[in-house]
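**Q** This is the structure, below, for whatever I ask next.
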Amino acid sequence: MNLKIDVSEKENLTIVELTGEIDVYTTPMLVEKLTPLTEVKGNNVQIDLANTTYLDSTGLGAFISAFKSSQEHESHLEIINVKDRVLRLFKVTGLHKIMNINSDETERSEKVNGKV
Amino acid sequence: MNLIKVDEALYTELLQKFLQDQNQRESYLEKAKRMSISFANRNIFPEEIVRIHMNAIDQLCKDQQSEYKLSLQLLLETLIAYREEHETLHKVKEESQELKAEMEVAANMQKTLLKTEVPKVPGLDIGAITVPFKQLNGDYYHFVKGEDGTLGVTIADVIGNGVPAALSMSMVKYALESFYDEMMRPSTILRYLNRVVERNVASNMFITMFYGQYSPNTNKFRYSSAGHEPGFHYQAKKGTFSEINARGLVLGVLKHSYYTQYELEMETGDYIVLLTDGVTECLRSGRFIEREEVLEVIETYAHLPAQEQVHKVYLHFNQLDDFELKDDFTLIIIKKDV
C-alpha cells in the first residue's frame, strides 16, 4: 500500500507521476499535493497513471475533486496513460466524457474490458 | 509519623522476622500478601514497595555494602519506567476503545437511518445483501413500492472519504423519499438527486447510483444510471446474461446532469442482478475477481429463492481462504417467477 508522487515541471506543464496504489490510505497524501496545483489559474496539470497499479473509489473521488477545482480556478487538468481497470472506472462513471482522459491503449483496453 | 513511615516500620519488622524465624516463614509470607493488598488498595505502586524494601534492608543490614543492595537500585528504576509505559499504553487502549465505541454508535445510527425493507411484490422474488468493508457502509440500496404495484429499486455507492461520506447517504435517502412518486421516471429522479448531491453534500463526495422501476402491469423494467457499475439481465429463454448498459455521469460532479432512460422486458424466469463494484473489487490470491466469475457463482445458486441466493453468493466468496474484501459488498437479485 504505497504511492510515490513525483511532481516535475516541463515547459508549461506540471507533470504528476503516480507510482503504486491510489486507495483509501494513500489518497489523502495525493489530495494534499494535487489540490494546490489545480488552484493556480492557467496552470496545466498532467497526471500520469502509467505506473498506477490500483485505483479505488476514494482515489477516483480525489480526481473528481481535482477536476472541479481546476474548473473553478481556471486551470487545466489532464490524465494520461490510463489503462485497463482504471480506464474502465472512468468510463463506467461517465467521467471520461467530461474530463480530459487519454490513453494510448484505449483501443486495446476497450476490447479487453468491453462487453461481458 | 506519616502513613508511609508506618508502612516502612511494619514492613521492616515483618522482613526481620521472616529472615530470623525459619519455622514461621509461611505465616510471614501470608502477612506480606495481606500487606500487598493494602498497598494496592491505597494506590501504592510496586516501585514504592521496592523502595520500602530497600529502606528495610538498609536498616536491618546497616553496615553491609553488598551487590545485592545495589541491584535493588536497578530494579527500582526498571519498575518506574515500566509503570510509566504501562500507563501510556493503557491510555492509548482506552482511547481506541472509546473511538471504537463511537464508531459503533455511528454505524448503528446509519443502519437505523438507512433501513429499508425488501418489499413483497406479487410475481417477483427479491433478495438483497449489503456487507460493509469497515464499520460504516458506503453502499446503499433502497426499495419503494407504489400504490399501483410499481417497484422502485435504488442501488448506490459513495465515492469519497469514509465517515462523512457514509453518513451523508442518509440525506440522499430522505431526498429520494420526499420526492418519490410512482409517476416519476428514473431519469428524472436521478436528475433531481444530482442537484441535491451537487449542492448539499461535501465537495469531495460523489455518488454512483442506479435507479430501476418495474411495472407488473407491463413487465417493463425502466432504468437510468448515474455512473453506476452495470448490472445484468438474465434471460431464461436464451439462458444467458447480458450487461445492463446505461450511461450517465456520477451524481454531484456537474450542476446539471441529464440521464438517459432505458427499458427492458422481463419474462418469466428472468432475473436482474444489481451490484456495487465492491463485488468485483474483491481480491483473491492478490488478483481481482472478474465479473464473469461472479456471474458463474450467481448462476450456481439460481435455483434458490432470491434472498438465499444473494446470501450464498456472498458466503461463497467470503469462505474462500484467499479472499479479501476491499470495498463494501452489495448484491440485489430481482426474479420474475410468474
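**Q** For the pair residue B:87 and residue B:116, what calculated FRET efficiency results from E = 1/(1 + (r/R0)^6), where r is the Cβ-Cβ distance and R0 = 45 Å, to the nearest 0.05?
**A** 0.45
**Q** Here's a follow-up. At a temperature of 25 °C and a viscosity of 0.890 mPa s, determine how fast the range B:3-88 diffuses translationally according to Stokes-Einstein, using the Kirkwood radius over alpha-carbon pairs as Rh; express D in µm²/s, rounded to the nearest whole number.
**A** Values: Rh = 13.9 Å.
Approximately 176 µm²/s, per Stokes-Einstein.
**Q** Taking chain B as a Gaussian network, where each spring joins two C-alpha atoms under 10 Å apart, which residue of B:115, B:173, B:93 fluctuates the most?
**A** Result: B:93 has the largest fluctuation of those listed.
**Q** Under a no-solvent Debye model with one identical scatterer per Cα of the range B:194-244, what's log10 I(q)/I(0) at q = 0.20, 0.23 Å⁻¹?
**A** -0.82, -0.94
**Q** Related question: Which of the listed residues, B:38, B:70, B:273, is farthest toward the dipole's positive end in chain B, when Lys, Arg count +1 and Asp, Glu count -1 at the beta-carbon?
**A** Most positive-ward Cα: B:273.
**Q** Which of A:91/B:173; B:237/B:336; B:111/B:145 have a Cα-Cα distance over 23 Å?
**A** Violating the 23 Å limit, Cα to Cα: A:91/B:173.
**Q** Quick one: with all protein chains in place, what share of the accessible area of the protein assembly as shown is carbon or sulfur, to the nearest percent (1.4 Å probe)? Let's see the in-between values first.
**A** Numbers: 12260 of 23880 Å².
Whole-percent figure for carbon plus sulfur exposure: 51.
**Q** Report, ordered by chain and residue number, the aspartates and glutamates lying within cross-link reach of residue B:17, taken as a straight Cα distance under 18 Å and ignoring same-chain residues fewer than 8 apart.
**A** Qualifying aspartates and glutamates at Cα under 18 Å: B:7, B:8, B:26, B:30, B:58.
**Q** Computed on alpha carbon atoms, what radius of gyration and Dmax characterise the protein assembly as shown, expressed in Å?
**A** Calculated on Cα positions, Rg and Dmax stand at 32.4, 106 Å.
**Q** Short version: ³J(HN,Hα) in whole Hz for each residue of the range B:72-83, in order, from phi by Karplus 6.51 cos²θ - 1.76 cosθ + 1.60 (θ = phi - 60°), x for Gly and Pro, what are they?
**A** Running phi through 6.51 cos²θ - 1.76 cosθ + 1.60 with θ = phi - 60° gives 5, 4, 5, 4, 4, 4, 4, 5, 4, 4, 4, 5 Hz.
**Q** Another question, then. At a probe radius of 1.4 Å, what is the per-residue accessible area of residue B:37, in Å² to the nearest 10?
**A** Around 100 Å² of this residue is reachable by solvent.
**Q** Sticking with this structure for a sec: With helices defined as uninterrupted DSSP H runs, which ones in chain A have an alpha carbon span along their own long axis of at least 20 Å and mean Kyte-Doolittle hydropathy of at least -0.5?
**A** Both cut-offs are met by A:57-72.
**Q** Report Rg(Cα)/(2.2 N^0.38 Å) for the range A:1-97, keeping two decimals.
**A** Values: Rg = 12.4 Å, N = 97, 2.2 N^0.38 = 12.5 Å.
Ratio of Cα Rg to 2.2 N^0.38 Å: 0.99.
**Q** Let me ask something else about it. Say we join alpha carbon atoms closer than 10 Å with springs in a Gaussian network model of chain A; which of A:12, A:51, A:81 then has the biggest fluctuation?
**A** A:12
**Q** Treating the angle as unsigned and between 0 and 90°, give the value, to the nearest 10°, between the Cα long axis of helix B:291-300 and the longest Cα principal axis of chain B.
**A** Approximately 80 degrees, to the nearest 10.
**Q** Can you list the residues, at least 5 places off or on another chain, whose amide H is less than 5 Å from the amide H of residue A:102, using H built in the peptide plane?
**A** Under 5 Å from the amide H of residue A:102: A:79, A:80, A:81, A:82.
**Q** Pick from B:170, B:225, B:27: which residue has the top mean-square fluctuation in a GNM of chain B where Cα pairs under 10 Å get a spring?
**A** Greatest mean-square fluctuation among the candidates belongs to B:27.
**Q** Here's another thing I want to ask about it. What percent does the relative contact order of chain A come to when contacts are Cα pairs within less than 8 Å and at least six residues apart?
**A** 23 percent
**Q** Also: Quickly rank B:66-77, B:10-21 as a protection proxy: mean count of other C-beta atoms within 10 Å, highest first.
**A** Descending packing order for the listed peptides: B:10-21, B:66-77.
**Q** Moving on. What FRET efficiency do you get for residue B:242 and residue B:192 if R0 is 30 Å and r is their Cβ-Cβ distance, rounded to the nearest 0.05?
**A** 0.55
**Q** May I pose another question? Considering only Cα-Cα distances, which of the following residue pairs are longer than 31 Å: B:115/B:312; B:31/B:93; B:31/B:69?
**A** B:31/B:93
**Q** Report the local net charge at residue B:75: Lys and Arg +1, Asp and Glu -1, summed over other residues whose C-beta lies under 12 Å from its C-beta.
**A** 0
**Q** If I model the range B:105-249 as equal point scatterers sitting on the Cα atoms and use the Debye formula, what is log10 I(q)/I(0) at q = 0.10, 0.20 Å⁻¹?
**A** The Cα Debye sum returns log10 ratios of -0.35, -1.36.
**Q** Angle check, please: helix B:3-20 long axis (alpha carbons) against the longest principal axis of chain B (alpha carbons), in degrees 0 to 90, nearest 10.
**A** 70 degrees
**Q** Output the 0 to 90 degree angle, nearest 10, between the alpha-carbon long axis of helix B:25-41 and the longest principal axis computed from the alpha carbons of chain B.
**A** 50 degrees
**Q** Apply the Debye scattering formula to the range B:23-148, with a single equal point scatterer on each alpha-carbon and no solvent, then give log10 I(q)/I(0) at q = 0.10, 0.19, 0.22 Å⁻¹.
**A** The Debye formula, applied to the Cα set alone, gives -0.62, -1.16, -1.29.
**Q** What aspartates and glutamates could a cross-link reach from residue B:255, if we take a straight Cα to Cα line under 15 Å and drop same-chain neighbours fewer than 8 places away?
**A** The qualifying aspartates and glutamates are A:72, B:198.
**Q** Find the relative contact order for chain B and round it to a whole percent, using C-alpha pairs within less than 8 Å whose residues are 6+ positions apart.
**A** Details: 542 pairs, mean separation 54.9, N = 338.
The value is 16 percent.
**Q** Turning to a different aspect of this structure: When the helices in the protein assembly as shown are scored as -39500 (n - 2.57) per DSSP H run of 4 or longer and the sum is shared across all residues, what 222 nm value do you end up with, to the nearest 500 deg cm²/dmol? Walk me through the numbers on the way to the answer.
**A** Details: 13 runs with 201 residues, N = 454.
Value at 222 nm, helices only: -14500 deg cm²/dmol.
**Q** Separate question: Please give, to one decimal in nm, the separation of the simple spin-label points placed at residue B:304 and residue B:220, each 7 Å out from Cα toward the Cβ.
**A** So the two model labels end up 3.5 nm from each other.
**Q** Calculate, for residue B:95 and residue B:2, the FRET efficiency according to 1/(1 + (r/R0)^6) with r their C-beta to C-beta distance and R0 41 Å; round to the nearest 0.05.
**A** For R0 = 41 Å, the calculated efficiency reads 0.70.
**Q** How many partner chain Cβ atoms sit within 10 Å of a residue's Cβ in peptide B:243-254, on average, as a whole number?
**A** Counting other chains' Cβ atoms within 10 Å and averaging over B:243-254 gives 4.
**Q** For the range A:3-113, build the charge dipole from Cβ charges (+1 Lys, Arg; -1 Asp, Glu) around the Cα centre, then report which of A:45, A:61, A:75 sits farthest towards its positive end.
**A** Ranked along the dipole, the leading option is A:61.
**Q** Now for a separate question. How shielded is A:61-68 by partner chains, expressed as the average number of their Cβ atoms within 10 Å of its Cβ atoms?
**A** 5
**Q** Along the three principal axes, how long is chain B when you take its alpha carbons, biggest first, rounded to the nearest angstrom?
**A** Result, largest extent first: 104, 43, 36 Å.
**Q** Something else about it: Calculate the mean, over all residues of peptide B:152-159, of how many other protein chain Cβ atoms lie within 10 angstrom of the residue's Cβ. Show your work: numbers first, answer last.
**A** Numbers: counts 0, 0, 0, 0, 0, 2, 3, 11.
The shielding value for this peptide is 2.
The values are calculated or read from the model by the stated rules, or taken from the named source; none is laboratory data. Note that this is a predicted model, so its numbers are computed, not measured. Positions of Cβ are backbone-derived with ideal geometry, glycine not excepted, and every protein chain shown enters the neighbour counts. Heavy atoms of the whole protein, side chains included, go into the accessibility calculation; ligands, DNA and RNA do not. Shrake-Rupley method; radii C 1.70, N 1.55, O 1.52, S 1.80 Å.
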